[in-house]
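The values are calculated or read from the model by the stated rules, or taken from the named source; none is laboratory data. None of the values given here were measured: they were computed from a predicted structure. Neighbour counts run over all protein chains shown; Cβ positions are idealised from the backbone, glycine included.
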Amino acid sequence: MTMGDPAGIGPEIALKSWLAREKEHISPFCYIGDLANIRETALNIAPNADIVEVASIDHSSLLFNEALPVYNIPLHKTSMPGRADVQNALATLHAIKFAVAATIAGTARAVVTNPIAKHILRAAGFQHPGHTEYLGQLARDAGYPCNPVMMIAAPSLRVVPLTIHIPLHAAPSAITQNLIISTALTVASDLRQFFGVLHPRLAITGLNPHAGENGDMGTEEQTIIAPAIEQLRLQGMRVTGPHPADTLFHERARAAYDVVIAMYHDQALIPIKTLAFDEGVNVTLGLPFIRTSPDHGTAFNIAGTGRANPSSLIHALRLAASMADAKRAAATVQ
């Protein structure tokens, strides 16, 4: 588990997740981050918590029941809750790189990331729009071609934004048939591999109100989205759409699909954050390793207050373990 931005709520919810390890049936994890920072966090939450530094993550699981194992990634500057500092950006990135490398090497089964502050990282020269794109680059740097896809998963809904961390005005020109097809294929493959959905049902939204109203409110549905859907159907995929997004997320509609592929960020994330804010998990599909994350940000406004809710991180830990179990079971069968 990476620390995320050390001035955010990542250290607090990490500690709270460890404290809830027995009640919530959490699989062992190693915290990758600044040792002093997590110990300082514990003073206000659980001053008697045993937090131990480990020289490697190999034996973290043996310690986990009695102590929170921490692989120390020292910060450049002491972190103050709620006050993100660009001088600590490199440590945040180092934690992610270390966790990814360990997981690719097989030392860990999955990566669970805490929230980062993208504007702080960009001020330090970070070139990626967000975690999803950065993880894809780390995979490619390690020699793995990949197609990273963001999926937010909750018990009541799974959604995939086709375009992610770009301005809304740029989304229409970024939508292509190839992007829809490659995203859908990645989603379907990983739903089968990690979620036990043998015959995934994909619902794809339109871009415009009323899915374009037969061209009266936009033509992207007719010229891009519908042809991509037809190509997917010809490949044997169970795909419907283009659907008007405003009628796709009520309870009866949700029974008809396993995942929604939406055209832009908020079209996908507003429904799931409304329905399951504390249960949503950010999953990056299409990587050579498993990665999950809580579906919220750094929450600098409440950092250090002890009020952060660890529910989404706990769900992310559980889902990562479940996906790792599915991957291991599939490998055993093969």
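With the checklist (1) surrounded by 20 or more Cβ atoms within 10 Å (Cβ to Cβ); (2) within 23 Å of Val100 (Cα to Cα); (3) not aliphatic (A, V, I, L, M) in hand, flag the one item Pro161 doesn't pass. If we test Pro161 against (1) surrounded by 20 or more Cβ atoms within 10 Å (Cβ to Cβ); (2) within 23 Å of Val100 (Cα to Cα); (3) not aliphatic (A, V, I, L, M), just (2) comes out false.
Among the helices (runs of 4 or more DSSP H) confined to region 222-334, the ones with at least 2 residues that are surrounded by fewer than 22 Cβ atoms within 10 Å (Cβ to Cβ) and β-branched (Val, Ile, Thr) are located at 265-275, 311-333. Scanning region 291-304 for any residue that is over 30 Å from Glu12 (Cβ atoms) and modelled with pLDDT of 95 or more turns up nothing.
Within region 1-24, being of a type in the set (A, V, I, L, M), surrounded by 18 or more Cβ atoms within 10 Å (Cβ to Cβ) and closer than 12 Å to Ile314 by Cα holds for Met1, Ile13, Ala14, Leu15. Residues that are of a type outside the set (Gly, Ala, Ser), touching a strand residue (DSSP E or B) at 6+ places or on another chain (Cβ under 7 Å) and modelled with pLDDT under 95 are absent from region 15-22 altogether.
Among the residues of region 110-139, those that are among the hydroxyl-bearing types (Ser, Thr, Tyr) and either more than 10 Å from the chain's Cα centre (by Cα) or assigned to a loop (DSSP other than H, G, I, E, B) (or both) comprise Thr113, Tyr134.
Just one residue in the set Asp50, Asp34 is touching a Pro at 6+ places or on another chain (Cβ under 8 Å) and of a type in the set (D, E, K, R); that residue is Asp34. Residues that are part of a strand (DSSP E or B) and either of a type in the set (Lys, Arg) or at pLDDT below 95 (or both) within region 39-54 are absent altogether. Taking Val70 and the conditions (1) in contact with a Leu (Cβ under 7 Å, 6 or more places away or on another chain); (2) in a helix (DSSP H, G or I), which numbered condition does it fall short on, given that it satisfies the others? Condition not satisfied by Val70: (2). In region 206-221, of all residues being charged (D, E, K, R) and either free of Cβ contacts under 8 Å to residues at least 12 places away in the same chain or in a loop (DSSP other than H, G, I, E, B) (or both), the one that is surrounded by the fewest Cβ atoms within 10 Å (Cβ to Cβ) corresponds to Asp216. Among the residues of region 1-37, the one identified as under 26 Å from Thr132 (Cβ atoms) and basic (Lys, Arg) is Lys16. Within region 73-86, the residues that satisfy the criterion of being within 26 Å of the chain's Cα centre (by Cα) and either surrounded by 20 or more Cβ atoms within 10 Å (Cβ to Cβ) or not in a strand (DSSP E or B) (or both) are Ile73, Pro74, Leu75, Ser79, Pro81, Gly82, Ala84, Asp85, Val86.
Inspect all residues belonging to region 25-38 and state whether any of them is part of a loop (DSSP other than H, G, I, E, B) and surrounded by fewer than 16 Cβ atoms within 10 Å (Cβ to Cβ). The answer is yes, given that some residue of region 25-38 is part of a loop (DSSP other than H, G, I, E, B) and surrounded by fewer than 16 Cβ atoms within 10 Å (Cβ to Cβ).
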